Structures are given as structure tokens and as C-alpha cells.
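**Q** Take this structure, written in C-alpha cells, and hold onto it; I'll ask about it next.
The values are calculated or read from the model by the stated rules, or taken from the named source; none is laboratory data. Bear in mind the structure is a predicted one, so any value in this text is a computation, not a measurement. Note that we place each Cβ from the backbone using ideal geometry, even for glycine, and neighbour counts take in every protein chain shown. Surface accessibility is based on the protein's heavy atoms, side chains included, excluding ligands, DNA and RNA. Shrake-Rupley method; radii C 1.70, N 1.55, O 1.52, S 1.80 Å.
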Amino acid sequence: MGTVADTVLESGGQVIGVIPKMLEDREISHTNLTELIIVDSMHERKTKMSELADGFIALPGGPGTMEEFFEVFTWGQLGLHHKPCGILNIDHYFDQLINFFTHMNEQQFLQDRYLSMLLNDTSPASLIEKFRVYNPPAIKTYIKENQA
């Protein structure tokens, strides 16, 4: 994420970081951001990032990236936000995850309308265009649609 932040800053953009105090105390934070918001916990960090974000893009990463992506994706299903959630599939890093979303759908654990929430592309520009035209589905309910 530091490389992404540096590139944005070098291009004249602004970068807001959100970090829990415990990590700031370990001197893990980026020191040249436009703004650095220090919060008390990881939960507060995710809430603050969600408030600040216009959308969410997962870049290749590890378990923390997956946990954060799945949380905001689930929040979208529940209608807690209506922001796009995307995966930038650099060098096909996320191919297996994208296939797993399809598997969840085929096994009837993910409705078609929520599968369509998973925006993905190998090109940053194409992914951003998908964000621009994103239309969120109706919020998740547990009432069968034909019973309504």
C-alpha cells in the first residue's frame, strides 16, 4: 500500500491513511500522507475507511486484504453501503477467488444479484469504468422473492 500511496502523491493526488494506535506506536505508518487518522482499533479503522471511501478495490494481498474485502462486500449485500466492490486481478492473482464466487453462486450460497456485485478486471482503467456505471442490487432479504 505504501507504493500505491507514494505513486498517488507523486502524481499530485491526496492520500488519507487510517491506522490503529497500536500500529502507529510500532512506527508502521506512512509518514508522508496528506492526512493520517489514528483510531483506537482495527474495527474503528475499517468503519472510518468505509465512511471515507467512494468504493473498495482489493489489490493482491494476504488474509487481511481478504478479510477486509469480504466484510465490505457483505456490508454491500446487507445494504449498509451502496458502494462498488472490485478486485484488480493483476497477473491473474485473483482467478481462483473469482472462480470461488462463481462456485458459491452455483451452490446457491450467493444469489445472482450479489454475484454481479463482484466487479473485477485486469486493467485499472476498465475497473474504474465499471465503478462509474455500478448500480447496486436490492438489499439482501431472507424472504423468497416469489413470496413477496
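**Q** Given (1) at pLDDT 95 or above; (2) touching a helix residue (DSSP H, G or I) at 6+ places or on another chain (Cβ under 6 Å), identify the lone condition not met by residue 77.
**A** Going through (1) at pLDDT 95 or above; (2) touching a helix residue (DSSP H, G or I) at 6+ places or on another chain (Cβ under 6 Å) one by one, residue 77 breaks only (1).
**Q** Would you kindly identify the helices (runs of 4 or more DSSP H) lying entirely within region 1-91 that contain at least 2 residues that are open to solvent by 50 Å² or more (accessible area, probe 1.4 Å), closer than 24 Å to residue 128 by Cβ and hydrophobic (A, V, I, L, M, F, W, C)?
**A** Ranges flagged: 2-10, 42-52, 63-77.
Conditions (1) of a type in the set (A, V, I, L, M); (2) touching a helix residue (DSSP H, G or I) at 6+ places or on another chain (Cβ under 8 Å), marked per residue:
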{"residue": "35", "(1), (2)": "no, no"}
{"residue": "91", "(1), (2)": "no, no"}
{"residue": "96", "(1), (2)": "no, no"}
{"residue": "102", "(1), (2)": "no, yes"}
{"residue": "105", "(1), (2)": "no, yes"}
{"residue": "127", "(1), (2)": "yes, no"}
{"residue": "132", "(1), (2)": "no, no"}
{"residue": "135", "(1), (2)": "no, no"}
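**Q** Do we have any residue at all in region 112-129 that's β-branched (Val, Ile, Thr) and surrounded by 16 or more Cβ atoms within 10 Å (Cβ to Cβ)?
**A** yes
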